[in-house]
Amino acid sequence: MSDLNKNTLYSDVVICGGALAGMTLALAFIKNGFNVVMVDPKTVKDLINFDKRTTAIAEGAKNFYDTIGVWKKVKRFAEPIKIIKIKDGSSKIDLNFDCKQFEDNTNVDSLGYVLENVHLLKQINSTIEGYRNKEGLIKRIKARVVSIDSNNLNSKVILSNKMEISSSLVVACDGKHSIARNMMNIGTKSYSYKQEAFVCTILHEKRHDNIALEKFLPGGPLAILPMKKYKNMYRSSVIWSDGREVSKSRYNSSMNNTSNIESEIEDHCKDWLGKVKVDNFKALFPLELTMPKSMIENRFILIGDSAHSIHPIAGQGFNLTIRDIKSFVEDCHKRKSLGLDIGSKIFLKNFERKRILDITSLVRSTHILNKLFENNGLSVKFFRRLGLSAVSRSKIIKKI
Ligand SMILES: Cc1cc2nc3c(=O)[nH]c(=O)nc-3n(C[C@H](O)[C@H](O)[C@H](O)COP(=O)(O)OP(=O)(O)OC[C@H]3O[C@@H](n4cnc5c(N)ncnc54)[C@H](O)[C@@H]3O)c2cc1C
């Protein structure tokens, strides 16, 4: 990274947005010898104070975090999922996926891991800090990206603090409402589920036995995911998608008095978890599917929720992002070692082509799954039964 012009920084890559996707990408890039400037109006401390959610991390994402030196630091905070129970609230269909019962694979120790975003953010940041001190490969700037201008030679990014960065490539990791995507005139297709997710942490009387529950209720899916114990208390993470008004009222009432929501949650898990107490953290997330018409432009690519923001029904949005990041950084590394331009539109287009099948199949399956359970007509119940029994025979759970 150099400073030829007083107000201009020069780097290989500018990452617009430094939350989970931006920070993971930045670390993967610097591990592969790239200079990175990451820009975000929020500091890592702001993000840690704000994002108290958990993420279900699949085996592939865990392996990726292992290769970039993060997994060994977060492992002790990650609770394995050993069994996934899927229940259809209206038809009493009940499916169990046990990590020990995949007949063709004897080495599956878990079906994923539940990790608090706070730990992930802290440990990615501490790994990045190690590089900053040693090699000066990365800079995080507290500002907003306000304009992007690309030509055949480079990209020029202007920040809200008037700073200018010149780079070979700009990556937008600025979330589902990406401003950078708008700046590059990339349109989107959106679908609102007319649902919001009420998210909270619960403390409970009995052990969760590493079971994750996904219960399909008429208003939307309720997920209860096992978390690591805290101060000897059993904990789980609740992600309850439901109609906007219902979710808002759950959220509002839980801010004054948690007894209603506690007894609502107990209705679905009392036999298993015993008495439930809602912890301090509660939040609400509007749910919509947002897909850009293209992932790339000249010297520009979308990664993270800016590239695909999906329903959290299967806890797969960020896992998909990790697959994008892994593949993209590997391709950039190969290109750089051949002395080729990582901002070339042809290269970026080829990358998009390579990833599009994985992305569209996950987007479609989460969308269809949600629509299938949203509807309670008789024919839909039939297809639901058919769908679930197909899922039970497939390798999808293991794959994710
Ligand atoms: C309720 C819920 C549960 C979920 N559970 C799971 C799960 O279990 N497993 C899973 O895989 N996925 C899950 N997901 C999805 C996952 O949380 C998201 O995919 C992920 O958090 C997106 O991260 P991101 O960095 O792309 O975007 P964001 O977290 O939205 O970050 C965007 C960043 O860009 C910054 N920014 C905005 N504008 C600018 C600008 N102009 N200049 C610079 N910076 C800017 C913002 O300040 C912010 O820090 C869940 C999602 C929800 C809503």
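Would you tally the residues in region 139-159 being within 14 Å of the ligand (Cβ to nearest atom), part of a strand (DSSP E or B) and surrounded by fewer than 20 Cβ atoms within 10 Å (Cβ to Cβ)?
Looking only at that region, the number is 5.
Those residues that are in a helix (DSSP H, G or I), modelled with pLDDT of 95 or more and buried (at least 16 other Cβ atoms within 10 Å of the Cβ), I need them from region 31-47; list them, please.
Val44, Leu47
Looking only at residues that are more than 24 Å from the chain's Cα centre (by Cα) and buried (at least 24 other Cβ atoms within 10 Å of the Cβ) in region 162-185, which one is nearest to the ligand (Cβ to nearest atom)? Steps first, please.
We begin by selecting, within region 162-185, every residue more than 24 Å from the chain's Cα centre (by Cα); these are 162-168, 185.
Still in the list and also buried (at least 24 other Cβ atoms within 10 Å of the Cβ): 165, 167.
Values: Ile165: 12, Ser167: 14 Å.
It comes out as Ile165.
Of the numbered conditions (1) of a type in the set (Lys, Arg); (2) part of a strand (DSSP E or B); (3) at positive phi, Lys162 fails exactly one; give the number of that condition.
The single condition Lys162 does not satisfy is (2).
What about Ile322, is it at pLDDT 95 or above, in a helix (DSSP H, G or I), among the aliphatic types (A, V, I, L, M) and touching a Phe, Trp or Tyr at 6+ places or on another chain (Cβ under 6 Å)?
Spelling it out, Ile322 is indeed at pLDDT 95 or above, in a helix (DSSP H, G or I), among the aliphatic types (A, V, I, L, M) and touching a Phe, Trp or Tyr at 6+ places or on another chain (Cβ under 6 Å).
I'd like the residue in region 312-357 that is of a type in the set (A, V, I, L, M), farther than 20 Å from Ile15 by Cβ and within 17 Å of the chain's Cα centre (by Cα) and, out of all such residues, is surrounded by the fewest Cβ atoms within 10 Å (Cβ to Cβ).
Going residue by residue through region 312-357, those that are of a type in the set (A, V, I, L, M) are 313-314, 320, 322, 325, 329, 338, 340, 342, 346, 348, 356-357.
Then drop every residue that is not farther than 20 Å from Ile15 by Cβ, which leaves 313-314, 338, 340, 346, 356-357.
When the remaining residues are screened for being within 17 Å of the chain's Cα centre (by Cα), the result is 313-314.
Values: Ile313: 24, Ala314: 20.
The residue in question is Ala314.
Just give me the residues in region 175-206 being touching a strand residue (DSSP E or B) at 6+ places or on another chain (Cβ under 6 Å), assigned to a loop (DSSP other than H, G, I, E, B) and under 25 Å from Arg244 (Cβ atoms), in sequence order. Spell out the reasoning first.
Filtering region 175-206 down to residues touching a strand residue (DSSP E or B) at 6+ places or on another chain (Cβ under 6 Å) leaves 176, 178, 180-181, 183-184, 186, 188-193, 195-204.
Remaining after also requiring assigned to a loop (DSSP other than H, G, I, E, B): 176, 178, 184, 186.
Of everything in region 175-206, those that are touching a strand residue (DSSP E or B) at 6+ places or on another chain (Cβ under 6 Å), assigned to a loop (DSSP other than H, G, I, E, B) and under 25 Å from Arg244 (Cβ atoms) turn out to be Lys176, Ser178.
Hey, does region 249-260 have a residue that's buried (at least 18 other Cβ atoms within 10 Å of the Cβ), part of a strand (DSSP E or B) and of a type outside the set (Lys, Arg)?
No, region 249-260 contains no residue that is buried (at least 18 other Cβ atoms within 10 Å of the Cβ), part of a strand (DSSP E or B) and of a type outside the set (Lys, Arg).
Within region 48-58, restricting attention to residues that are of a type outside the set (D, E, K, R) and closer than 16 Å to Met23 by Cβ, which residue is nearest to the ligand (Cβ to nearest atom)?
Thr55
Using the structure shown, decide if Lys228 is exposed (fewer than 15 other Cβ atoms within 10 Å of the Cβ) and either under 11 Å from Phe198 (Cβ atoms) or at pLDDT 95 or above (or both).
no
Given Glu330, Glu352, which one is within 20 Å of Met291 (Cβ to Cβ) and either within 16 Å of the ligand (Cβ to nearest atom) or of a type outside the set (Lys, Arg) (or both)?
Glu352
Please state which one of Lys45, Lys73 is more than 14 Å from the ligand (Cβ to nearest atom) and either without any contact (Cβ under 8 Å) to a residue 60 or more places away in the chain or closer than 22 Å to Pro312 by Cα (or both).
Sole residue among the options that is more than 14 Å from the ligand (Cβ to nearest atom) and either without any contact (Cβ under 8 Å) to a residue 60 or more places away in the chain or closer than 22 Å to Pro312 by Cα (or both): Lys73.
Give region 170-206 a look and list any residue that's among the basic types (Lys, Arg) and out of contact with any Lys or Arg (no Cβ under 9 Å at 6 or more places or on another chain), or say none.
Once the filter is applied, which keeps residues that are among the basic types (Lys, Arg) and out of contact with any Lys or Arg (no Cβ under 9 Å at 6 or more places or on another chain), region 170-206 yields Lys176, Arg181.
Just one of Phe328, Phe383 is modelled with pLDDT under 85, assigned to a helix (DSSP H, G or I) and of a type in the set (Phe, Trp, Tyr); which is it? It would help to see each step written out before you state the result.
Values: Phe328 fails: modelled with pLDDT under 85.
From the options Phe328, Phe383, the qualifying one is Phe383.
Might you check whether a residue that is among the polar types (S, T, N, Q), closer than 27 Å to Phe64 by Cβ and within 16 Å of the ligand (Cβ to nearest atom) occurs anywhere in region 123-131?
Here is the first cut: in region 123-131, the residues among the polar types (S, T, N, Q) are 123, 125-127.
Now narrow it down to the ones that are closer than 27 Å to Phe64 by Cβ: 123, 125-127.
Now restrict to residues that are within 16 Å of the ligand (Cβ to nearest atom): 123, 125.
Yes; the residues of region 123-131 include at least one that is among the polar types (S, T, N, Q), closer than 27 Å to Phe64 by Cβ and within 16 Å of the ligand (Cβ to nearest atom).
The values are calculated or read from the model by the stated rules, or taken from the named source; none is laboratory data. Since the structure is predicted, the reported quantities are computational estimates derived from the model, not experimental observations. Cβ atoms come from the backbone with ideal geometry, glycine included; neighbour counts cover every protein chain shown.
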